[in-house]
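A.B. asks: Before we start, here is the structure in question, set down as structure tokens.
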Amino acid sequence: MGIKLYYTTVTASREVKSQQAEVMRILESKNIQFELIDISVGGALRDEMRTKSSNPTAVPPQIFNDDQYCGNYEMFSEAVEEDTVEQFLKIA
């Protein structure tokens, strides 16, 4: 598929919800197709996200290009500011 966005539909954190929504909005506005992977459906997906990102405490949103780690929300936001989203997503 390409770009994968690990997110959660179950969170009490407004910050996480806001960050996830912003990443989705920006990807959609740039016509970048992505697959949503909801880690709230099982611990295995959360563990997979943390293993792939090499961060045992990683929280969504986490962004990958296939199995290659691109970064978290802060890194994505920085790429947006610098207009380097395609390079960040490793699709340039």
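The values are calculated or read from the model by the stated rules, or taken from the named source; none is laboratory data. As the structure is a computational prediction, the values presented were derived from the model and not from experiment. Cβ atoms come from the backbone with ideal geometry, glycine included; neighbour counts cover every protein chain shown. For accessibility, only protein heavy atoms count, side chains too; no ligands or nucleic acids. Shrake-Rupley method; radii C 1.70, N 1.55, O 1.52, S 1.80 Å.
A.B. asks: Rounding to the nearest 20 debye, state how big the charge dipole of the chain is about its Cα centre with +1 on each Lys and Arg Cβ and -1 on each Asp and Glu Cβ.
C.D. replies: 300 debye
A.B. asks: Any chance you could give the angle, 0 to 90 degrees and rounded to 10, that helix 43-52 forms with the longest Cα principal axis of the chain?
C.D. replies: Orientation of helix 43-52: about 40 degrees from the principal axis.
A.B. asks: Segment 7-47: which trypsin sites (Lys or Arg not before Pro) are DSSP loop and have at most 15 other beta-carbon atoms within 10 angstrom? Spell out each step's value before the answer.
C.D. replies: Values: sites: ARG14, LYS17, ARG25, LYS30, ARG46; in loops: LYS30.
Loop-located and lightly packed - LYS30.
A.B. asks: If you plug each phi of segment 75-82 into the Karplus form 6.51 cos²θ - 1.76 cosθ + 1.60 with θ = phi - 60°, what whole-Hz ³J(HN,Hα) values come out, in order, with x for Gly and Pro?
C.D. replies: 5, 5, 4, 4, 5, 5, 4, 8
A.B. asks: Give the label of the value calculated from the structure for semi-axes √(5λ) of the Cα gyration tensor in Å, choosing from (1) 18, 14, 13; (2) 20, 15, 12; (3) 50, 16, 11.
C.D. replies: Correct label is (2).
A.B. asks: Give me the percent of the accessible area of the chain that comes from carbon and sulfur atoms, probe 1.4 Å, all protein chains in place.
C.D. replies: Details: 2460 of 5320 Å².
For the chain, the apolar C and S fraction of the accessible surface comes to 46 percent.
A.B. asks: A follow-up question, please. As a test, work out the antiparallel percent of DSSP beta bridges whose residues both lie in the chain, rounded to the nearest 5. List each step's numbers first, then the result.
C.D. replies: Numbers: 8 of 13 bridges.
The answer is about 60 percent antiparallel.
A.B. asks: Hand me the GluC sites (Glu not before Pro) from segment 34-92 located in a DSSP loop with no more than 11 other Cβ atoms within 10 Å, in residue order please. Intermediate results must be reported in sequence, preceding the final value.
C.D. replies: Details: sites: GLU35, GLU48, GLU74, GLU78, GLU81, GLU82, GLU86; in loops: GLU82.
Listed in order of number, the matching sites are GLU82.
A.B. asks: Could you give the size of the charge dipole of segment 39-92 about its Cα centre, using +1 on the Cβ of each K and R and -1 on the Cβ of each D and E, expressed in debye and rounded to the nearest 20?
C.D. replies: On the way: 4 positive and 10 negative charges, 71 e Å.
My answer is approximately 340 debye.
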